[in-house]
Amino acid sequence: MTDNPTNSESLTDQVIAAVADAADCSQRELPPLSEAINPDALDCLFAPTYSGETRTDGRVTFEYAGYEVDIHSSGDVSTNLVKKADG
């Protein structure tokens with residue numbers, strides 16, 4: 001699943017919304033995002049530079065609530081269910 005919401009949402013809000021949508025659950029049912037990644041650092045990662053320039057390159061991937069979350073500097077947030085190995 002890929003989500004590219006409006007720029008008014010913080011990146012952490014976009015991630016939580018995308019995972020809740022993928023998991024078909026309420027955002028309140030998810031564990032705190034801070035258990036997977038530092039939310040403040042995530043929000044700053046693709047924020048404009050000090051000179052106001054838009055960051056045009058970059059990507060971060062992490063696991064959250066059983067999903068692999070992939071974020072691109074374009075603002076695209078994609079989620080994929082993590083498949084656990086048997087055994």
Under a GNM of the chain (C-alpha, springs under 10 Å), which listed residue has the highest mean-square fluctuation: G66, G52, G75? G52
Tell me the label-point distance for the pair E35, E68, using the 7 Å Cα-to-Cβ offset, in nm and rounded to one decimal. 2.1
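Every read-out reported here was derived from the displayed coordinates using simple, explicitly stated rules and does not represent laboratory data. It should be emphasised that the depicted structure is a prediction, and the values quoted were computed from it without experimental measurement. Because the Cβ atoms are built from the backbone with ideal geometry, glycine has one as well, and the counts that use them run over all protein chains shown.
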